[in-house]
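The values are calculated or read from the model by the stated rules, or taken from the named source; none is laboratory data. Bear in mind the structure is a predicted one, so any value in this text is a computation, not a measurement. All Cβ positions, glycine included, derive from the backbone under ideal geometry; neighbour counts span all protein chains shown. Note: accessible area is taken over every heavy atom of the protein model, side chains too, but ligands, DNA and RNA are not part of it. Shrake-Rupley method; radii C 1.70, N 1.55, O 1.52, S 1.80 Å.
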Amino acid sequence: MSEARTSFSAPIGTHDVLAPETDRWQRLLSTFAALAGRAGFGLVVSPTFEDLGVFQRVGPGTDVVRKEMYDFTDKSERQMALRPEGTASIVRAYVEHRPPVPWRAWYVAPMFRYEKPQAGRYRQHHQVGAEVLGSADPDLDVEIITLLWDFYGALGLQALDVVINSMGDPEGRQRYADVLRAHLEANLGDLAPEDREKVTGHPLRVLDSKRPETIAVTNAAPQMLDHLSDEATAHFARVQDGLQAAAVPFRVEPRLVRGLDYYTHTLFEVQSSALETAQNAIGGGGRYDGLAHALGGPATPGVGFGAGIERILLACDAEGVFAHDGSAPDVFVIDTTGGDAARDVVTALRRDGLRAERAYDNRSMKAQMKAADRSGAALAAIIGEDERAAGTVTLRDLGRGEQRAVPLASLADEVRSPRS
Ligand code: HAM
């Protein structure tokens with residue numbers, strides 16, 4: 001019984017993120033916020049749970065919705081679900097508030113998927129994402145992909161592949177699904193058994209399969225790009241043109257379908273070649289021109305991406321970029337007079353914009369010096385009885401071991417620009 005348990009750890013597939021790892025998260029988020037802000041995106045904060053129906057509109061062929069959703073009945077018998085992905089929530093918010101279009105929203109949020117946990121695949125992961133609603137202009141597809149590309153570039157990532165494809169408009173997608181189904185049905189016996197059940201209801205999902213028998217069949221299948229309408233072909237051509245103009249390197253991958261059902265026209269994924277293939281997607285997205293209507297709103301085109309923070313940081317580690325910056329205090333205050341001086345000086349220095357630390361529990365001078373060394377601070381401000389009486393501080397360079405007396409009143413300035 002859970003009441004009898006006396007020790008707990010984070011649930012399977014979830015993680016506590018502590019400092020200094022969280023320092024990297026903060027830097028990653030401010031990098032993303034700055035780029036998104038420059039491109040006109042505003043931060044949107046939406047609920048962590050929604051009506052189950054919001055996510056069901058993402059599509060019945062989506063594993064994320066069909067098999068992996070954290071759904072529950074609340075105390076008023078409402079069917080709810082923890083957010084498995086961000087786009088449906090943003091589009092629900094758009095339909096509810098109808099902001100002026102094009103509406104550009106960015107978000108950072110936890111996502112919940114009941115997956116088999118492994119490196120880079122968690123039951124709670126976090127995404128930064130961006131969505132634009134209200135225009136079908138292919139230049140927005142380009143802006144979205146460029147934003148994602150520039151974000152990775154700002155972190156220092158280089159071992160990246162951008163793959164793109166087009167699903168065409170909904171009618172074209174349906175036409176192609178029928179053609180593909182016929183091909184798969186004709187070769188049913190050659191497909192991996194696990195993929196056969198998808199053929200009738202969700203033939204496009206079969207293109208996603210990593211099983212060799214299935215890949216042999218789908219390699220010979222008719223291709224989506226050959227079944228696009230003229231309009232969809234022109235849209236895709238404009239996207240490729242724009243990516244070239246923006247110097248975003250990309251490869252057209254006709255088998256790319258992605259795991260979510262709402263996509264129309266452009267689809268894309270960014271893969272890190274520094275990561276294991278199974279979890280190498282560090283971001284992805286596409287156009288979803290039918291989702292707003294499916295969520296009860298007026299037909300409103302949209303395009304966006306989501307990018308997994310944990311996976312991005314794994315890719316950074318694999319490439320040796322965007323490391324911890326090992327930030328240390330500016331100054332460590334040592335007080336041998338009983339603690340009042342440390343208390344008051346630390347407060348004053350912090351208010352002055354400096355990062356100041358101290359020891360507690362009235363420790364000995366030696367113990368405080370040790371703590372100062374451990375903190376990584378370059379300077380120690382030492383206050384003993386003599387200093388207190390004279391209104392001074394002994395400022396010690398912990399690297400060189402040199403020290404000198406400075407007036408307490410000018411301590412902050414001295415810490416900011418120490419004289420050599
Ligand atoms: P998604 O491809 O399902 O798309 O997820 C986006 C990114 O989240 C992935 O590329 C990956 O980096 C990360 N991710 C997904 N699942 C996990 C997991 N279990 N553990 C760790 N990281 C994970 C979406 O969610 C769409 N909403 C993207 C989008 C936005 N499409 C249009 N707009």
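From the list Arg121, Arg175, the one residue that fits, being over 29 Å from Leu314 (Cβ atoms), in contact with a helix residue (DSSP H, G or I) (Cβ under 7 Å, 6 or more places away or on another chain) and open to solvent by 50 Å² or more (accessible area, probe 1.4 Å), is Arg175. Across the range 88-106, the number of residues qualifying as open to solvent by 10 Å² or more (accessible area, probe 1.4 Å) and near the ligand (Cβ under 10 Å from one of its atoms) comes to 0. Tell me which of these Gly156 doesn't satisfy, since it passes every other one: (1) open to solvent by 40 Å² or more (accessible area, probe 1.4 Å); (2) more than 16 Å from the ligand (Cβ to nearest atom); (3) modelled with pLDDT of 95 or more. Just one mismatch for Gly156, condition (1). Of the residues making up the range 59-87, those that are of a type outside the set (A, V, I, L, M), modelled with pLDDT of 95 or more, outside any helix (DSSP H, G or I) and open to solvent by less than 20 Å² (accessible area, probe 1.4 Å) number 4. Scan the range 44-58 and give yes if some residue there is small (Gly, Ala, Ser) and assigned to a helix (DSSP H, G or I), otherwise no. Yes, the conditions are met somewhere in the range 44-58.
Cβ separations smaller than 7 Å between residues 6+ apart or across chains give the following pairs from the range 13-41 residues that are surrounded by 15 or more Cβ atoms within 10 Å (Cβ to Cβ) to residues that are at pLDDT 95 or above and among the small types (Gly, Ala, Ser): Thr31/Ala154; Leu35/Ala154; Ala36/Ala130; Phe41/Ala105; Phe41/Ala130. Answer yes or no: is there a residue in the range 249-262 that is more than 20 Å from the chain's Cα centre (by Cα) and either under 30 Å from Val346 (Cβ atoms) or within 9 Å of the ligand (Cβ to nearest atom) (or both). Yes, that holds for at least one residue. Of the helices (runs of 4 or more DSSP H) lying entirely inside the range 149-220, those carrying at least 3 residues that are free of Cβ contacts under 8 Å to residues at least 40 places away in the same chain and small (Gly, Ala, Ser) are 170-186.
So that you can scan it fast, the table gives a plain yes or no per residue for (1) at pLDDT 90 or above; (2) among the β-branched types (Val, Ile, Thr); (3) open to solvent by 10 Å² or more (accessible area, probe 1.4 Å):
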site: Lys198; (1), (2), (3): no, no, yes
site: His202; (1), (2), (3): no, no, yes
site: Arg205; (1), (2), (3): no, no, yes
site: Thr214; (1), (2), (3): yes, yes, no
site: Ala220; (1), (2), (3): yes, no, yes
site: Leu228; (1), (2), (3): yes, no, yes
site: Thr233; (1), (2), (3): yes, yes, yes
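Those helices (runs of 4 or more DSSP H) of the range 338-399 in which at least 3 residues are open to solvent by less than 30 Å² (accessible area, probe 1.4 Å) and small (Gly, Ala, Ser), considering only elements entirely within it, cover 365-375. With a requirement of 2 or more residues that are open to solvent by 10 Å² or more (accessible area, probe 1.4 Å) and in contact (Cβ under 8 Å) with a residue 40 or more places away in the chain, the strands (runs of 3 or more DSSP E) lying completely within the range 250-317 that satisfy it span 264-272, 302-308.
The single condition from (1) in contact (Cβ under 8 Å) with a residue 60 or more places away in the chain; (2) on the phi < 0 side of the Ramachandran plot; (3) within 16 Å of the ligand (Cβ to nearest atom) that Leu349 fails is (3).
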